[in-house]
1. Could you please find all residues in region 69-111 being surrounded by 11 or more Cβ atoms within 10 Å (Cβ to Cβ), farther than 23 Å from residue 131 by Cα and aliphatic (A, V, I, L, M)?
2. For residue 146, are the conditions met, namely being modelled with pLDDT of 90 or more, of a type in the set (Lys, Arg) and assigned by TED's automatic domain parsing to the domain that holds residue 81?
3. If a residue has to be assigned to a loop (DSSP other than H, G, I, E, B) and modelled with pLDDT of 70 or more to count, how many in region 149-187 make the cut?
4. Would you pick out the residues in region 20-54 that are touching a Leu at 6+ places or on another chain (Cβ under 8 Å) and farther than 15 Å from residue 82 by Cα?
5. Residue check: is residue 112 within 16 Å of the chain's Cα centre (by Cα), modelled with pLDDT of 90 or more and aromatic (Phe, Trp, Tyr)?
6. Could you look through region 111-130, keep only residues that are among the β-branched types (Val, Ile, Thr) and not in a strand (DSSP E or B), and pick out the one that is nearest to residue 91 (Cα to Cα)?
7. Kindly provide the set of residues from region 112-141 that are surrounded by 12 or more Cβ atoms within 10 Å (Cβ to Cβ), within 20 Å of residue 195 (Cβ to Cβ) and hydrophobic (A, V, I, L, M, F, W, C), ordered by number.
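The values are calculated or read from the model by the stated rules, or taken from the named source; none is laboratory data. All of these numbers come straight from a predicted model, not from anything done at the bench. No Cβ is skipped: glycine too gets one built from the backbone with ideal geometry, and neighbour counts run over all protein chains shown.
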Amino acid sequence: MGSIYVPAEEKERKRWLEKLEEWSETEEAEDWLNVDILGGDFNMVSRGVQDRSDRGKAMGWRAQEKGLGLWKAIAMKGGWIDFVDSEEWQDKKVFTRWNSRNGVRMGSRIDWILGKTDWVHGGRLVKGKTEFLGWSDHEAVVIELKMGEGIEWGRGSWKGHGGLFQKIDGVTRFRVELDLWMAKNTGWEWWVMKGWCSSWWEMEDRNRRRARTKERWKAVKWQEEARKEIVECGIDGPSEELIT
């Protein structure tokens, strides 16, 4: 089993998926592509208006389709199909994240569980559904499967998280802090760990955005200072101190 978190912001999502597609061609991605079941927050809708409770009436909803083509190319490499397309998934009207806009509550299906063809269309799915989570704006996607013989249960690994292509120091920090968290919470349940991991990366993303904003502000300020000094100095040009 594998899990994944695809960035929510459109441009970042596109960049991340492009890097994921490149990475999927490497030997390092072989284990990830071989997982039978892959689930997570994709921050995209895959079935158009069918994945929106407003049926596409809200302006700008197509932003949730950005990057879908990139993901489909990756999914084809892994041989993954959405479990919601299985005949055994009875209620196809599924929404996993809810928010309010202009006082109207709207839902979208951005959390998926995917499986290899024999898992999705091989009669292994008993039922699929979503469950309300009081502590999250997302609902849990739940599938019940016929597991068969010779399958061992164990802890999953976060191979497709949002920091996969970030600088190594961030990934290293995450792994260290996750190990510490698991050591302190020996009786953890999957939804508790998922909540902690999501919160950690959300905080990491916020800090990274703040850092980018700060650097951008410094660059703008430097350019303005340089422009003023060049105008003031005329033919002599800016000071050596400003250049360095």
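1. 70, 73, 74, 75
2. So residue 146 fails the test.
3. Residues of region 149-187 assigned to a loop (DSSP other than H, G, I, E, B): 149-156, 161-167, 185-187.
Now drop any that are not modelled with pLDDT of 70 or more, which leaves 185-187.
Residues flagged as assigned to a loop (DSSP other than H, G, I, E, B) and modelled with pLDDT of 70 or more within region 149-187 amount to 3.
4. Across region 20-54, the qualifying residues are 20, 21, 23, 24.
5. Values: within 16 Å of the chain's Cα centre (by Cα): yes; modelled with pLDDT of 90 or more: yes; aromatic (Phe, Trp, Tyr): yes.
Yes.
6. Let us first name the residues in region 111-130 that are among the β-branched types (Val, Ile, Thr), namely 113, 117, 120, 126, 130.
Filter once more, keeping what is not in a strand (DSSP E or B): 117, 120.
Working: 117: 20, 120: 15 Å.
Going through the qualifying residues, I end up with 120.
7. Correct list: 112, 113, 133, 140, 141.
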